[in-house]
Amino acid sequence: METKHYRIKANFAHEKDIATSCVAVVVKETEKALYLYGHGTKDPTGHCVKCGRTLTHPGSIILGIGPECLGDWGARDIVLENLSKEDIQAMEDVFTSKIIDTWIPKSRISETSPTDLVVTLPPDHQMKNKFGAPVGSATKTNYVPVQKQAKLVKLMSTGESAIKIEFPYDPELVSAIKQIPGRAFRNDGLNKYWTCPPSYDALEILEKYQFMFAKNLEELKNQLFKLQDEVKEAPISGLNKNYSHFKRLELVSWNPEQEEF
């Protein structure tokens with residue numbers, strides 16, 4: 001795999017909490033996005049690693065980061081007018097600790113260039129098996145990844161039941177989830193996930209893409225799939241049309257986990 005230098009647009013880098021300047025390898029590629037694995041590095045074009053702005057202070061240019069961003073990344077004790085070799089090495093270590101291990105839309109990459117640095121993809125990296133669960137990370141420590149999982153929950157805003165859908169970002173999965181009626185993307189500041197009304201259509205798509213179902217959602221799925229084979233049309237009192245069995249069941253009160261979102 002060829003390692004390249006990437007400049008990432010500042011607003012996207014801020015959203016993903018990654019450096020605007022990084023060295024990485026392309027793990028997977030689609031028409032509109034790259035999955036990059038690598039880490040932050042000093043920008044050879046003189047832009048701040050954190051915010052992407054052009055650096056003007058001589059000390060900032062040497063370090064690769066501006067004075068405000070320097071403080072934001074926990075290096076307030078470094079004095080730009082009196083840099084030591086230790087200060088420069090310390091910032092290089094900070095940059096390297098900013099791991100990039102995610103999908104990035106090609107439209108959010110402002111520049112790509114060759115580099116002498118080398119990034120090695122771990123042999124057990126999650127993207128070597130497209131839908132497998134990750135077992136390692138760029139920090140060489142194990143972690144608990146977000147897996148393809150779905151469960152029945154209660155929405156605090158409406159009191160209604162919903163399916164909560166979580167998965168590592170993948171353009172193909174995002175396209176599939178967008179086919180679900182009533183789906184909504186949510187970001188609570190800590191986690192990003194999708195929700196949708198409980199329905200046969202939703203469960204069918206989630207099962208097709210091999211999501212893990214929580215026990216309560218598995219029970220709902222079994223009931224809906226069983227009824228699909230037994231019932232064709234069921235009139236609902238007070239409505240002027242017939243609804244198929246799974247649409248009727250959407251109106252039934254299910255038993256979500258005691259979680260509120």
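The values are calculated or read from the model by the stated rules, or taken from the named source; none is laboratory data. Every value quoted in this text rests on a predicted model; they were computed, and no experiment measured them. Positions of Cβ are backbone-derived with ideal geometry, glycine not excepted, and every protein chain shown enters the neighbour counts.
A few remarks follow.
- Meets criteria (surrounded by 14 or more Cβ atoms within 10 Å (Cβ to Cβ), modelled with pLDDT of 90 or more and not acidic (Asp, Glu)) for Thr115: yes
- Residues of segment 168-202 that are more than 27 Å from His14 (Cα to Cα), out of contact with any strand residue (DSSP E or B) (no Cβ under 7 Å at 6 or more places or on another chain) and free of Cβ contacts under 8 Å to residues at least 24 places away in the same chain: Pro181 alone.
- Selection within segment 22-45 - more than 18 Å from Pro171 (Cβ to Cβ), of a type outside the set (A, V, I, L, M) and in contact with a strand residue (DSSP E or B) (Cβ under 6 Å, 6 or more places away or on another chain): Cys22, Gly38, His39, Gly40, Thr41, Asp43
So that you can scan it fast, the table gives a plain yes or no per residue for (1) hydrophobic (A, V, I, L, M, F, W, C); (2) in contact with a Lys or Arg (Cβ under 7 Å, 6 or more places away or on another chain); (3) assigned to a helix (DSSP H, G or I); (4) loosely packed, with under 14 Cβ neighbours inside 10 Å:
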| site | (1), (2), (3), (4) |
| --- | --- |
| Arg7 | no, no, no, no |
| Glu15 | no, no, yes, yes |
| Glu31 | no, no, no, yes |
| Leu36 | yes, no, no, no |
| His39 | no, yes, no, no |
| Lys42 | no, no, no, no |
| Thr45 | no, no, no, yes |
| Lys50 | no, no, no, no |
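- Among the residues of segment 88-119, those identified as touching a residue at least 12 places away in the same chain (Cβ under 8 Å), over 24 Å from Glu68 (Cβ atoms) and outside any strand (DSSP E or B) are Lys106, Ser107, Thr115, Leu117, Val118, Val119.
- Subset of segment 1-27 (residues that are of a type in the set (Gly, Ala, Ser) and under 21 Å from Val118 (Cα atoms)): Ala19, Ser21, Ala24
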